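Beneath this line is the structure, given in structure tokens, with notes to follow.
Nothing in this text is a laboratory measurement; each read-out follows from the coordinates by a stated rule. What you see is a predicted model, and the numbers here were worked out from it, not measured in a lab. Cβ sites come from the backbone with ideal geometry, for glycine too, and all protein chains shown count toward neighbours.
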Amino acid sequence: MYLEIVTPEAAIVSGEVDSVTVPGVEGPFQMLNNHAAIVSLLDAGKVMFRGTPTIAQGHESKFTQEDGKWILEINGGTVECSDNKVIVLAD
């Protein structure tokens, strides 16, 4: 599935991933290929994904890696998943 993470400054991630976990307001949840369409608000927490998407130049320092997952700390935002595309609008 395709992941795009957008912040107020720039689109910082784009590309193919195997899974995405986000900090939903009702608790964290994971999206995999063929996930049902969803739009949700996000709480402060970690966006985690597995895969090899492109991280925009100059934004690499915002990410850490743990157990093969990329991790980005966010202050909140929204997520939309539809047709194997996940878009995270992060603060």
Using alpha carbon positions and the Kirkwood radius, the Rg to Rh ratio of the chain is 0.92
Placing each pseudo-label 7 Å from Cα in the direction of the beta carbon, Ala44 and Val25 end up separated by a distance in nanometres of 1.7
